[in-house]
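Working notes, beginning with the structure itself.
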Amino acid sequence: VESMSKEIRARLRAAKAALSKKEFEETERLCRVVLEEDAGNYLAYVFLGVASLEQRQHKAALQCYQRATELQPQGELAWKGMADFYEKCPPQTRAEMQAAVHCYQRVLGHIQSDSVKVCSTLRKLLAVQRKVGSVLEEVSLHRPLLEQAGMEGAWEEAVEGLLAEDQLVDHGWEMLDAGVKYLTHSSAVDPCVRSSVHNSYIQQLFQKLKCCSAEGDWAQLRETLQMEAHQFLHSADSGHRIDQLIAVLSVLASLYLYSLTADQLLAGGLDIPGIARGHLSELCRVSHEEGVSSDLCGVCEAVLCVADGELAQAREAIASKGVQLWSVSFASHVWSRSG
């Protein structure tokens, strides 16, 4: 700025004043005069970008911001202006999305003392990155920012992106765990959002458990899954939807049922632990009340009946609901014993 002539500085001050008055055509005129004298004037391109965007001259606005960032890659105003452009004109192509992600990354370098702006910018960055590909690298890169207070909105976007990943590796699970803990322990998160995130996480853990082959890892994962499911059921949230409640109860019921051996299934007179019985009974009750019928519910009803020595009722449950393949021998046994 110091190297500018008095005339250019005066015109830039006038252009800035015109912007504040929303006199965008005057701003454009003044900036173009400056650029005729100084083709590499950073502020003129920034002000012209703002005026063009406000006049819906989107292509011209983006070109101005791009030129300004080329002139001063470390300049704050142009990157923030470009971020405003992407807010008003969401990127459509992959190249535009990648450019938007880069823009948000540069903006973050200038606003780290403002947690509200950091959260908003991170959320936008992650929302665009989800459309391009994996969010894991961005979540890892910006984790120090995400761990600050007030980052609920950014973590929501990060967790949604991680839950949508096809296959999470260990580091991905670490990031997902951190995000879910942040959201489920924050009173600033809407209870409905908190319940939805927690349920999705539990279902993802269940899928991971079913694919786990190492015995030690399986046992540890099963314990984690049970803990998360119990936490969900006993939370004080009022945001649980019935379908989420049924989904989590189904996970707990399945964990118990999968632990039964063939001999236990065929022996009859099952001694079901109190907690497990509670989960099976609650799943059946809620499912009946909501008119939800499933193979799993039928198996739960049959197992409860067998535990209570009511084989005829167990047979009825199997006949009306059907059974999963793993329990065919159990169903056959009940059918023959109660015939």
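Read the figures in this text as sums done on the coordinates, not as results from a lab. Not measured: the values here are computed from a predicted model. Methodologically, a virtual Cβ is constructed for each residue, glycine included, from the backbone with ideal geometry; neighbour enumeration extends over all protein chains shown.
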With no solvent and one point per C-alpha, what does the Debye sum give as log10 I(q)/I(0) for region 130-172 at q = 0.29, 0.30 Å⁻¹? -1.13, -1.17
Tell me the label-point distance for the pair residue 36, residue 171, using the 7 Å Cα-to-Cβ offset, in nm and rounded to one decimal. 5.4
Taking the Cα atoms of region 60-131, what is the range of coordinates along each of the three principal axes, in descending order and whole Å? 30, 27, 17
Cα-based Lys proximity count in the chain, under 15 Å, for pairs eight or more positions apart or on separate chains: 5
Around residue 72, which amide H atoms from residues at least 5 apart in sequence, or from another chain, sit under 5 Å from its own amide H, with H modelled in the peptide plane? none
Of the residues 66, 180, 100, the Cα lying farthest along the dipole of the chain towards its positive end, which is defined by charges on the beta carbon of Lys, Arg, Asp and Glu, belongs to 66
Please find, in a Gaussian network model of the chain (springs between Cα atoms separated by less than 10 Å), the residue of 23, 228, 301 whose mean-square fluctuation is greatest. 23
Would you work out the charge dipole size for region 1-143 about its Cα centre, treating the Cβ of every Lys and Arg as +1 and the Cβ of every Asp and Glu as -1, and quote it to the nearest 20 debye? 420
For the chain, what does the equivalent ellipsoid look like in terms of its semi-axes, each the square root of 5 times an eigenvalue of the Cα gyration tensor, given largest first in whole Å? 62, 17, 16
Between 69, 184, 93, find the one with the highest GNM mean-square fluctuation for the chain; connect C-alpha pairs within less than 10 Å. 93
Determine the dipole magnitude for region 66-143: charges of +1 sit on the beta-carbon of Lys and Arg, -1 on that of Asp and Glu, nothing else is charged, the reference point is the Cα centre, and the result goes in debye to the nearest 20. 180
To the nearest 20 Debye, how big is the dipole of the chain about its Cα centre, given +1 on the beta carbon of each Lys and Arg and -1 on that of each Asp and Glu? 1120
Towards the positive end of the charge dipole of the chain, with charges on Cβ (+1 Lys, Arg; -1 Asp, Glu), say which of 225, 146, 111 has the farthest Cα. 111
Using Cα springs under 10 Å in a Gaussian network model of the chain, which residue among 216, 49, 278 shows the largest mean-square fluctuation? 216
